[in-house]
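Read-outs: derived from the displayed coordinates by stated rules, not from any lab. These numbers come from a predicted model, not from an experiment. In this analysis, Cβ positions are derived from the backbone assuming ideal geometry, glycine residues included, and neighbour counts consider all displayed protein chains.
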Amino acid sequence: MDSAQVLRTAKAFPDQALRRVWLRRRAWHGGLLGSEFTWAVAFVIPYAAVFLAFVAYPVVYGLWLGHSPDLYAELLADPIYQRTVVNTVLYLVIAVNLKMFGALLLSGFFMRPRWWVKALLLVYVLPWAVPALPSFISIHWMLNGQWGFVNNLLWEVFGVDGPGWLETSRWLALGSVIASHIWKWMPFWTVILLAGRMAVPQELYEAAEVDGATGLRGFAHVTFPLLANLYLICTLLSTIFTLGDFNTVYFVSAGGPALSTHVLATLGIRDAFDVARPELGVAAVMSALPLMIPLVILLMRKLRTTEVQL
Amino acid sequence: MSVALREGKPPRRPRYRLRRNLREAGALALGLVVLIWTLTPIYNMFMVALEPHGDVFTNEIWPAKPSLESFWIVVTQGYWYLEYFWHQFGNSLYIGVLTVVLTLLIGSLASFSIGRMRLRQGWLVSNAALLTYVIPASFLAIPFYRIMQKYGLSNNLWSIIAAEVTFATPYAIFIFQQYARSIPIELDEAARIDGASPLQVYFRIYLPLMAPALVAVGTYALLLAWNEYLYQFLLLSSTRSMTVPVALAQFLNSDEAPWNYMMATAIVYAVPPVAIYYAFRRRMTAGLTMGGVKG
């Protein structure tokens, strides 16, 4: 409020106290007057109610459920939990980076102006379009050591007896889960990065080409600097989504063999519902907070300033 | 080429063409790998579904005697796990439609208030939505389940609708606010001067002009509700209140899993979202990347 306005207000409200009340109300209402302010508040109330009842309350309740330090001592002493933490870290580091890097490369591939590339893109987004459950059940059966399609194919084509992908070894099973996650989610990020590439003006490439930056150098000096921010935001967002990914592990490996491939999201649900100890489940999930809080803060800043919408 | 030779330059054109052909061949090879990688799990789904009962436990890589028997069993509910299949299908649909309606209503009202009426406290709502968007839903599932019991909504379809609306509205608010920036605020002001109430501006001006964003978000919400599994699994327990994914996952836990019926069910379940996805694909991707690449 500039001085002229203050002056005008002062004239309109000679009484100091009244003026102060008026100013405060005006600041609080953000320039909206009377009934308009009521309408604006009424329009927000439904969302505010949803947020309070179904997000704020569960969050607070969850924090209260998992507040006891004994729970964390119990978790840390549990070898299943220790393995789960290792799995979660491996899952995040390997799956997110392979997926995002693959998406970056493939988005370049899908820029090619060929009819068959456009047709392939339509097929390529199929894993994203198909619900998670049918695909993961199919992958689960496909990787069956005895009757699965993959081992049948290996036998028919190479005459090799394939391993029991999900039944025998922790690392094979974890690898299968990571591959399934990449299969399902790489198309989504490819489409996002493809849109990012398309937004780069073509003249920039032409100018760079004249200056001798083609191929890999064009990528390093033109495409990547322009995409870097988007790539970073996508990676952060993907890290959070992957941290909360329940379906992949639950349906592909089901945490097996011998509970060796659980991640925090599935272990929390297992502890809460199969073992019937909700506090322990909440504690398992909450032990991801030291990783989640910085991620969330970073992301909220980034998303607010650059307006990336997903 | 002859011109190049006459001028005494080395004949570079054939080499250039060779390199271009090599690159084209490389792209084709990559395309083939991508195609096989993408289609294998989907091929497996169809292969198993087309096998007649009892032939699932063989070592073939394509169905020897393809039959549509499993699909028939699913459609006619001819297996005891599929007794309520169409009822469950209806449950999924009911949840999906109500989620879409409520998400659009709540999301558009909130973004109208923040974006168009410029409510001073709007940033609080935006931040709450952003926070909800970045909290993984599976992390909230345990307290959410307990709270639904407290609300008396366990084994009730409304608990699922509440969950899906909760996780769909933040996305709706972002997209609406982004999209509304392309609609001149003068339109609202002109209507206000002509005496329209905020409610009239919302219905007569805001909603009609937001149609593309409404379609994008509606599709998103429908697919979210149809595809979501964890909350539906935790909150719905009786066969009659179950949705298709929950019933489908129940198969997995049975001792003699009839894989061909299961895959046929999975395909029937996946067809509607895939069809909707491809029908609204352009709108969806436009929504997903709207303003997303400003860098």
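What to note about this one:
- Expected 222 nm ellipticity per residue - DSSP helices of 4 or more, -39500 (n - 2.57), all of chain A, to 500: -22000 deg cm²/dmol
- Cα gyration tensor shape for the protein assembly as shown, rounded if a/c is under 1.5, else prolate or oblate: oblate
- Helix-only CD estimate at 222 nm, as mean residue ellipticity for chain B, using -39500 (n - 2.57) per DSSP H run (n ≥ 4): -22000 deg cm²/dmol
- Kyte-Doolittle at least 0.5, axis length at least 30 Å by Cα - qualifying DSSP helices, chain A: A:170-198
- Only Lys, Arg (+1) and Asp, Glu (-1) charged, at Cβ; the stretch A:173-248 dipole about Cα centre in debye: 300 debye
- Taken one residue at a time, the phi angles of the stretch A:255-261 give Karplus couplings (6.51, -1.76, 1.60, θ = phi - 60°) of x, x, x, 6, 6, 8, 10 Hz. Gly and Pro are set to x.
- Per residue, the convex hull volume that the Cα atoms of the stretch A:163-310 enclose (Å³): 139 Å³
- Rg over Rh for chain A works out to 1.12, using Cα positions for both radii and the Kirkwood form for Rh.
- Long-range HN-HN contacts of A:TRP165 with modeled amide H, under 5 Å: A:GLY145
- Note on B:27-35: average number of Cβ atoms from other chains within 10 Å of each residue's Cβ is 4.
- Under the span-like rule (Cα at least 20 Å along the axis, Kyte-Doolittle mean at least 0.0), DSSP H helices of chain B: B:13-50, B:85-111, B:157-180, B:211-227, B:259-279
- Shielding by other protein chains, A:54-64, mean Cβ within 10 Å: 6
- Amide hydrogen neighbours beyond the local backbone of B:GLU83, cut-off 5 Å, H modeled: none
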